[in-house]
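Structure record follows, encoded as structure tokens.
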């Protein structure tokens with residue numbers, strides 16, 4: 001079985017961008033691409049949200065924000081529909 005995983009070669013070491021699903025020692029082939037590689041940024045998982053993260057970011061809210069919306073209003077023509 002062959003698996004391809006991207007990585008970065010730096011100063012004699014190879015840093016893999018993801019962990020392979022292999023649990024035994026195996027022979028590998030390393031191919032160097034000619035493009036200049038950069039290490040991807042480490043980010044937090046997208047499903048992780050800290051409580052209060054956006055607090056204080058809303059600078060203005062219209063006074064009628066919670067007002068009911070008329071169901072018979074055409075937003076494209078700015079006039080009521082019948």
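The values are calculated or read from the model by the stated rules, or taken from the named source; none is laboratory data. Because the structure is a prediction, the values reported are computed rather than measured. Because the Cβ atoms are built from the backbone with ideal geometry, glycine has one as well, and the counts that use them run over all protein chains shown.
Within segment 42-59, does at least one residue satisfy the condition of being at pLDDT below 80, in a strand (DSSP E or B) and surrounded by 10 or more Cβ atoms within 10 Å (Cβ to Cβ)? Within segment 42-59 (the criterion being at pLDDT below 80, in a strand (DSSP E or B) and surrounded by 10 or more Cβ atoms within 10 Å (Cβ to Cβ)), the answer is no, since none of the residues qualifies. Filtering segment 20-35 to residues that are farther than 17 Å from residue 10 by Cα and either surrounded by fewer than 10 Cβ atoms within 10 Å (Cβ to Cβ) or in contact with a strand residue (DSSP E or B) (Cβ under 6 Å, 6 or more places away or on another chain) (or both) leaves 21, 23, 24, 25, 26, 27. Being at pLDDT 85 or above and assigned to a loop (DSSP other than H, G, I, E, B) is a property that residue 64 has.
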